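So the structure is just underneath, and the comments pick up after that.
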Amino acid sequence: MNRLRTVKEFLKGGGAESYEGIKINWIKGRRPVMRIFGDKGQFIEQVDLAQYDPVENKEYTAGVQGLHTLMQQKGFIKKRVFIEVPHKLEIAETVVHKPKLRGAETPRRDSKQVRPMAAGLDIR
């Protein structure tokens, strides 16, 4: 299979395994063959994958995308991939409101009275 670069890229690069219900059995020295089985395990069809490589079939020019098209034509469905993204909290603008203290009076300009400090929030 080393000389069948397109098929090798599809099989070893995860292209085939990106479809539901795919199991790959590696048999050294054998041509790559896809065997399709039904829901109850009955054999349905066999496809020689070597014909989907330009080394074996000079007319084949679709590359790996052609193998994906073949899988979809045979009724295989791509697996859903869920990517876990860590939540990122962004604060665009931070506004801190200081609560009014009961009984605190506003200092007069002519007096030396000092208004008590209100507790604030520490946001990081």
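The values are calculated or read from the model by the stated rules, or taken from the named source; none is laboratory data. The shown structure was predicted, so the numbers you read here are calculated from the model rather than taken from an experiment. Every residue, glycine among them, receives a Cβ derived from its backbone with ideal geometry; neighbour counts consider all protein chains shown.
Taking segment 11-31 as the range and being in contact with a Phe, Trp or Tyr (Cβ under 9 Å, 6 or more places away or on another chain) and assigned to a loop (DSSP other than H, G, I, E, B) as the test, the residues that pass are Glu20, Gly21, Ile22.
Is it the case that some residue within segment 83-94 is more than 30 Å from Arg5 (Cα to Cα), over 33 Å from the mean Cα position of the chain (by Cα) and either at pLDDT 55 or above or assigned to a loop (DSSP other than H, G, I, E, B) (or both)? There is at least one residue in segment 83-94 that is more than 30 Å from Arg5 (Cα to Cα), over 33 Å from the mean Cα position of the chain (by Cα) and either at pLDDT 55 or above or assigned to a loop (DSSP other than H, G, I, E, B) (or both).
Just one residue in the set Asn57, Asn25 is of a type in the set (S, T, N, Q) and more than 18 Å from Gln73 (Cβ to Cβ); that residue is Asn25. Out of the residues in segment 12-25 that are without any contact (Cβ under 8 Å) to a residue 24 or more places away in the chain and under 16 Å from Gln46 (Cα atoms), state the one that is farthest from the chain's Cα centre (by Cα). Checking each candidate, the answer is Asn25. When segment 67-80 is limited to residues that are in contact (Cβ under 8 Å) with a residue 12 or more places away in the chain and exposed (fewer than 15 other Cβ atoms within 10 Å of the Cβ), the one that is farthest from Pro32 (Cα to Cα) turns out to be Lys79. Screening Gln46 against (1) assigned to a strand (DSSP E or B); (2) in contact with a helix residue (DSSP H, G or I) (Cβ under 9 Å, 6 or more places away or on another chain) leaves a single unmet condition, (2).
Tally time: how many residues in segment 28-52 are over 16 Å from Met71 (Cα atoms) and surrounded by 10 or more Cβ atoms within 10 Å (Cβ to Cβ)? Looking only at that region, the number is 1.
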